[in-house]
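Each remark here refers to the structure printed beneath this line.
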Amino acid sequence: MTDIDWGSPPWNTDPGLARAPLPERVEVAVVGAGVTGVSAAYHLARRGHSVALLDAGTVGAGASGRTGGLVLEGTAAGALDGVTSCVETLKQIVREADIACDLRLGGVWELEHRRGPSPCAALWPDGETMLCIAAKEPGGSADPGALLRGLAAAAARAGAGIHERVAVQGIETGARPALHTSAGTLHADQVIVALGAYVTSLVPLPVPITPALTLALATAPLSDGTLADMGLADRTPFYTADLPYLWGRVVADGRLVFGAGLVHPADGDVRTVRFTDTAVREGLCRLESRVRGLHPALARIAIGDRWGGPIAFRRGAVPIVSRLPGASPVIVCTAYAGHGFALGVRIGQLLCDAIADGAALPAWGAMDPAVGP
């Protein structure tokens, strides 16, 4: 993606890599330097493949650098074959690549809105209901910027070329795809398109996806005592299992990050949504008002950052991880439905297995209009 003003997330995603010239040919070209693309480049380079990772912006400029950094298991559609160990995969890769990203895996609260007495532990009021802890799921949180920086640097050390600010303008499909870019033409044996909500700007899909901009904010730091008073002494992240949706987590320095709300583009292209749009401003105001009502400590807290991040949905919330019909050397990944932080790392590993070993991609990820309820 090119630079778009969607506010400022609190994460630094810049790996500080030197710019390298675009090669004429590689075995694998990866389009999109988010979690999936960087993970795929890392795994493929470690397997000895020549890899070029391209992004029209910078590493993590899209959804991956604008996420809240919640580490969740599986997919938004639940447990699916091949992606039931995303949390453990992330843990192993962080250790293997020696990435300092404040990874905390003490679990994630699943919250529900309850009226009246409830057997669940009540946390905070949310409008006319109480947010209560319904379950604790596997997972946790991490610093998304630090993870992306570390994984991109590890991919570069393994031999992958990281090409920021190189826009892919078109792909000629065929037995040997050609990518036409702002820095010249790149030929590749296989191509991974990991552009999330922007994927249809580059390749047509036989199934519809729904893009949107999701909103988030970060408060000023709170003291350990205040966090404990709010029930967050263990810094457990959380998300609601019902509507109205809300997620949140504590950052290492004590800031609280909250997210909720979707802004759908009128023309179907999330890149045309602007942070100055009325719908975005109103969505952020609703989120801030809601956050301030959760606990007295938040009533007058300063809000340091406000931002949006692109997101894409598919019917049934089943992600797309599939070869492009009629162009088998091209693999497309999208529609993680906001559940892609740990999932993207695992999918990068699956993409490597498919290319390096000829393993089958997951059947659930096929671009089949019949997939989903």
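The values are calculated or read from the model by the stated rules, or taken from the named source; none is laboratory data. Bear in mind the structure is a predicted one, so any value in this text is a computation, not a measurement. Cβ placement follows ideal geometry from the backbone for every residue including glycine, while neighbour counts extend to all protein chains displayed. These accessible areas exclude ligands, DNA and RNA; they are computed on the full protein's heavy atoms, side chains included. Shrake-Rupley method; radii C 1.70, N 1.55, O 1.52, S 1.80 Å.
Overview of values
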{"item": "Number of positions in the range 106-117 that are free of Cβ contacts under 8 Å to residues at least 40 places away in the same chain and either under 22 Å from Glu288 (Cβ atoms) or surrounded by 14 or more Cβ atoms within 10 Å (Cβ to Cβ) (or both)", "result": "1"}
{"item": "Filter result for the condition that a residue is under 20 Å from the mean Cα position of the chain (by Cα), surrounded by fewer than 22 Cβ atoms within 10 Å (Cβ to Cβ) and more than 25 Å from Phe313 (Cα to Cα), over Ala183, Ala252, Ala178, Ala233", "result": "Ala252"}
{"item": "Any hit, the range 319-326, residues being of a type in the set (Lys, Arg) and buried (at least 19 other Cβ atoms within 10 Å of the Cβ)", "result": "no"}
{"item": "Subset of the range 284-307 (residues that are farther than 12 Å from Pro125 by Cβ, open to solvent by 30 Å² or more (accessible area, probe 1.4 Å) and either among the basic types (Lys, Arg) or not in a loop (DSSP other than H, G, I, E, B) (or both))", "result": "Cys285, Arg286, Glu288, Ser289, Ala297, Arg300, Gly304, Asp305, Arg306"}
{"item": "Some residue of the range 134-152 being within 24 Å of Gly62 (Cβ to Cβ), of a type in the set (A, V, I, L, M, F, W, C), within 23 Å of the chain's Cα centre (by Cα) and part of a strand (DSSP E or B)", "result": "no"}
{"item": "From Thr89, Thr36, Thr58, Thr84, residue being buried (at least 24 other Cβ atoms within 10 Å of the Cβ) and of a type in the set (Val, Ile, Thr)", "result": "Thr36"}
{"item": "Check on Gly259, under 30 Å from Leu350 (Cβ atoms) and open to solvent by less than 10 Å² (accessible area, probe 1.4 Å)", "result": "yes"}
{"item": "Sole exception among (1) under 19 Å from Thr214 (Cβ atoms); (2) of a type in the set (A, V, I, L, M, F, W, C); (3) open to solvent by less than 10 Å² (accessible area, probe 1.4 Å); (4) in a loop (DSSP other than H, G, I, E, B) for Ile4, by number", "result": "(3)"}
{"item": "Selected residue [in contact with a Pro (Cβ under 6 Å, 6 or more places away or on another chain) and without any contact (Cβ under 8 Å) to a residue 40 or more places away in the chain] from Asp253, Asp267, Asp305", "result": "Asp253"}
{"item": "The range 17-61, residues that are in contact with a helix residue (DSSP H, G or I) (Cβ under 9 Å, 6 or more places away or on another chain), farther than 21 Å from Val199 by Cβ and assigned to a strand (DSSP E or B)", "result": "Glu27"}
{"item": "Residues located in the range 118-132, provided they are crowded, with 17+ Cβ neighbours inside 10 Å, among the aliphatic types (A, V, I, L, M) and without any contact (Cβ under 8 Å) to a residue 60 or more places away in the chain", "result": "Met130"}
